[in-house]
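Below: one structure, written as structure tokens.
The values are calculated or read from the model by the stated rules, or taken from the named source; none is laboratory data. Source: prediction; values computed, not measured. Every residue, glycine as well, gets a Cβ built from its backbone with ideal geometry; the counts of neighbours run over all protein chains shown.
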Amino acid sequence: MQKFLLLAAAFILTSCVTPAQLQQASVAEFAKMREELDVSENAADRAFVQCVADALIVQLEEPYRSYDWDLELFEDDAINAFAMPGGQIGVFTGLFKTATNQHQLAAVMGHEIAHVTSGHSLKRANSQAATQVGILVGAMASEAVRNNAGLIVLGAQLGLLLPYGRAQESEADIDGLDLMAQAGFRPDASVELWRNMAEESPRSMPQFLSTHPSSDTRIEQLQARLPAVEPVYEQARAAGLRPDCSR
């Protein structure tokens, strides 16, 4: 058994998680969340979230536009949303406390989708190889590990649960801003959103203690980008892209 685990550890260190493996892990993880979390049955809220998602997705480049995007609204007070590399999007109803209109929700969902289109999950999963080796060696007697023929998939699942770094968060902010403008959502609503976030969590930890940029930093970066995306927004509106999503 020890020999097997050492060989598995060496395999992980010299291998990379592939997009297909990460997508497979995403499907399994999302299905698990649907089983374990409360799913919202509010038809108006579900239609609202789907409307915003549809407007954003149609603006994506291939292959992402053709993904089989799977959206779920979870009944939970957490101010949160996420997107998985397999095309799964989760929104928590608590987000409505800060994303109060379609434009602000588009800022959040655009940001999360940008993590997918930028391949952040794949980079994050592959960066955890050494950590995964430690987990495997420490779980030598684990039935779950012994029976898992796809050890790389295990690493992919772990990667899905880890936070993104500041650089990736900032990149998703900007890419998400561009996406929402292309879809006809007001780009300045991204600044409104993060001001709402700052008011909701006034005691957030200092930036140097967090993997995420501070609200002030995000607002500054988004404001600096607005002059570049306002013409994109105006062009989208002129082309008839005028989303009308409401709760």
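Whenever a residue of the stretch 81-100 is in contact (Cβ under 8 Å) with a residue 24 or more places away in the chain and farther than 15 Å from A47 by Cα, its partners that are assigned to a strand (DSSP E or B) and not aliphatic (A, V, I, L, M), lying with C-beta atoms within less than 7 angstrom and at least six residues away or across chains, give the pairs A81/G90; A81/F92; F82/G90; G87/D70; Q88/D70.
Considering only residues of the stretch 181-193 that are touching a Leu at 6+ places or on another chain (Cβ under 7 Å) and not in a loop (DSSP other than H, G, I, E, B), which is nearest to D54 (Cα to Cα)?
Let us first name the residues in the stretch 181-193 that are touching a Leu at 6+ places or on another chain (Cβ under 7 Å), namely 183-184, 187-188, 190-191.
Checking the rest, the ones that are also not in a loop (DSSP other than H, G, I, E, B) come to 190-191.
Numbers: S190: 18, V191: 22 Å.
Among residues in the stretch 181-193 that are touching a Leu at 6+ places or on another chain (Cβ under 7 Å) and not in a loop (DSSP other than H, G, I, E, B), the one nearest to D54 (Cα to Cα) is S190.
Considering M197, M205, which residue is surrounded by fewer than 17 Cβ atoms within 10 Å (Cβ to Cβ) and modelled with pLDDT under 95?
Just a single option satisfies the conditions, and that option is M205.
Mind listing whichever residues of the stretch 63-94 are of a type in the set (G, A, S), more than 19 Å from R247 (Cα to Cα) and buried (at least 18 other Cβ atoms within 10 Å of the Cβ)? Can you show your working first?
Going residue by residue through the stretch 63-94, those that are of a type in the set (G, A, S) are 66, 78, 81, 83, 86-87, 90, 94.
Narrowing further to those that are more than 19 Å from R247 (Cα to Cα): 66, 83, 86-87.
Correct list: A83, G86, G87.
The set of residues from the stretch 43-62 being touching a residue at least 40 places away in the same chain (Cβ under 8 Å) and exposed (fewer than 13 other Cβ atoms within 10 Å of the Cβ) comprises A44, V58, E61.
On the basis of being surrounded by fewer than 16 Cβ atoms within 10 Å (Cβ to Cβ), of a type in the set (D, E, K, R) and within 18 Å of G119 (Cβ to Cβ), does E36 make the cut? Don't jump to the end; show me each part of the working.
Values: surrounded by fewer than 16 Cβ atoms within 10 Å (Cβ to Cβ): yes; of a type in the set (D, E, K, R): yes; within 18 Å of G119 (Cβ to Cβ): no.
So E36 does not fit the description; no.
Pairs meeting the criteria (first residue in the stretch 17-41 and without any contact (Cβ under 8 Å) to a residue 40 or more places away in the chain and farther than 16 Å from Y64 by Cα, second residue surrounded by 16 or more Cβ atoms within 10 Å (Cβ to Cβ) and acidic (D, E), beta carbons under 8 Å, at least 6 apart or on different chains) are R34/E72; L37/D76; D38/D76; V39/E72.
Within the stretch 217-247, being among the small types (G, A, S), free of Cβ contacts under 8 Å to residues at least 60 places away in the same chain, exposed (fewer than 13 other Cβ atoms within 10 Å of the Cβ) and on the phi < 0 side of the Ramachandran plot holds for A224, A238, A239.
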